[in-house]
1. What's the exposure ranking of 111, 4, 105, 186, going from fewest to most Cβ atoms within 10 Å?
2. Would you work out the Kirkwood radius for segment 185-239? I mean one over the mean of 1/r across all pairs of different Cα atoms, in Å.
3. For residue 116, what is the net charge nearby, where nearby means another residue's Cβ is under 13 Å from its Cβ and Lys, Arg count +1, Asp, Glu -1?
4. Taking a ≥ b ≥ c as the square roots of the eigenvalues of the Cα gyration tensor of segment 140-220, is the shape rounded (a/c under 1.5), prolate (a/b larger than b/c) or oblate?
5. Full extension from residue 202 to residue 34: what is 0.36 nm times the residue separation minus their Cα-Cα distance, to one decimal in nm?
6. Apply the Karplus parameterisation 6.51 cos²θ - 1.76 cosθ + 1.60, with θ equal to phi minus 60°, to every residue of segment 87-96 and state each ³J(HN,Hα) to the nearest whole Hz, in sequence, with x for glycine and proline.
7. Please go through the residue pairs 185/206; 223/244; 185/228; 185/244 and name each one whose alpha carbons sit more than 18 Å apart in this structure.
8. Skipping prolines and chain starts, which residues have an amide H placed within reach, meaning under 5 Å, of the one on residue 119, given they are 5 or more residues away or on another chain?
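Just so it is clear, none of the values below were taken in a lab; they were calculated from the coordinates. Just so you know, these numbers come straight off a predicted model, no measurement behind them. Here the Cβ is made from the backbone with ideal geometry for all residues, glycine too, and neighbour counts use every protein chain on show.
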Amino acid sequence: MNQRLNLQLLDFVEQVGSAHSAEVAGQSLITFARNAGANVVHAFMGTGLDHFRATTLPDWAIEFDCAIPGLLTAHTVAAVRSGQPRVLWGEELDRGNPVVTDVGRQMAEFRKEHFAQNSSVSFAMPDADGRYRGGGVGLGFEDRAAPFLQRMEESGGVLAVASFATHARMQILSSSGVQNSPLSKRQAEILQLLAAGFQLGTIADKLGISDSTVNLHLSQLKKKLNVKTKEQALAMAVMNCWVKP
């Protein structure tokens with residue numbers, strides 16, 4: 001499999017490098033990683049709910065991750081600060097690992113219970129200024145500890161290159177796409193539907209997310225724009241041409 005992945009990697013990097021949107025780049029990684037055996041793929045620009053991400057996880061699982069207190073003190077971050085290029089984690093792998101925090105164990109148990117993710121590799125990605133703010137790529141596998149470690153020995157390097165290439169392209173595209181607007185992609189979608197006259201429940205249905213997720217996005221948006229109501233947020237967005245009236 002390693003030789004096959006090495007050959008596919010060259011085509012993949014070229015494909016991602018020419019992706020015209022962060023969504024396309026992220027979807028390419030999902031396809032590549034799934035072909036390499038991953039059952040969970042999660043590429044993210046930060047730990048906030050409104051940070052762009054390409055993922056196989058449903059919204060309710062992302063809400064769970066974002067609601068965990070102390071997420072930025074998880075073992076992934078601790079490992080980054082200690083200079084490790086990647087983090088291998090999972091219920092079996094975490095046993096006896098002094099770097100693993102309670103937050104890390106909580107995430108591992110949650111992923112195993114709901115997504116059959118027994119083991120995972122996380123590649124933490126710094127921002128353009130070299131600082132780490134929570135962005136990265138996580139790939140989950142059904143493998144138990146021993147076969148997973150063998151998989152990483154054979155194809156971990158290829159997956160790392162694919163992840164770094166994708167994240168770099170996503171970072172460039174998502175940054176250039178919002179330079180004139182502070183809105184995240186999801187926030188813009190919600191405001192655009194509000195501008196079209198839809199109620200919050202209908203907006204949730206159209207976007208395939210829960211009512212509580214819509215309200216959470218709006219709460220973060222109002223804080224970002226320093227306004228008190230969704231109507232004020234919509235007015236500001238229309239005035240600045242961030243959404244169409």
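1. Listing 111, 4, 105, 186 from fewest to most nearby Cβ atoms yields 4, 105, 186, 111.
2. Radius from the Kirkwood sum: 11.0 Å.
3. Numbers: positive: 111, 112, 144; negative: 91, 109, 113, 142, 143.
So the environment of residue 116 carries a net charge of -2.
4. The shape class here is oblate.
5. Between residue 202 and residue 34, full extension yields an extra 57.2 nm.
6. 10, 9, 9, x, 4, 6, 5, 7, 5, x
7. 223/244; 185/228
8. Hits under the 5 Å cutoff: 141, 143.
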